[in-house]
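Chemist: Dropping the structure in here first, questions after.
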Amino acid sequence: MKLTNSAGDWSATTELAIFHVGDITCALQSIEVQEIIKNQEITVVHHAPDYVKGVINLRGQIVTIISMHKKFNIDTVTVGTKEMQIVVVKKAEESVGLLVDSVDDILIARTDAIETPPSNLQGIKGTYFTGIYKKEDELVAILNIEEILAIDN
């Protein structure tokens, strides 16, 4: 998508869905997000990896819920669980929910302001990120959804 700024210059842009996990501001490209829902009762799945919080029934479809706090190995004390939200994404034919602290809005980001991520970000392995977007007042870590959804051994 191309937009023009007030000076008339053309810049490539992308839409980012912004959300928070602990102190980290994260994003996914909006085309990767199926929907955002309120946190609801999650059924625990025994013998699943520790980052799998469980499953929910979303309009007749079973959705696996991944705790982004566990995935990033950060404490869960920042927000009450009722305030948390679920960012639903598609992996092949399966929907997966990412349990996050809060969801902001859609941001139109200039692609030339997205930089290569560091090898780790606040102790989180860099493969979880495809880039870092520099907003005026903060950095936004753009998630690599394939790596987030990969099964850790």
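Every number in this text was worked out from the coordinates using simple rules, so none of it is lab data. Everything numeric in this text was worked out from a predicted model, so none of it was measured. With ideal geometry, Cβ positions are generated from the backbone for all residues, glycine too; neighbour counts draw on all protein chains shown.
Chemist: Going by C-beta contacts inside 10 Å, put Lys135, Lys82, Lys71, Lys53 in order with the fewest on the left.
Modeler: By the 10 Å Cβ count, ascending, the order reads Lys82, Lys135, Lys71, Lys53.
Chemist: While we're here: Using +1 on the beta carbon of Lys and Arg, -1 on that of Asp and Glu, and nothing else charged, what's the dipole of segment 2-149 about the Cα centre, debye to 20?
Modeler: About 340 debye.
Chemist: Return the tail of the calculated pair distribution for segment 10-122, meaning the percent of Cα-Cα pairs more than 18 Å apart.
Modeler: Of all Cα-Cα distances in segment 10-122, 54 percent exceed 18 Å.
Chemist: If neighbour count is taken as other Cβ atoms inside 10 Å, put Glu138, Glu147 in order from fewest to most.
Modeler: With the fewest neighbours first, Glu138, Glu147 line up as Glu138, Glu147.
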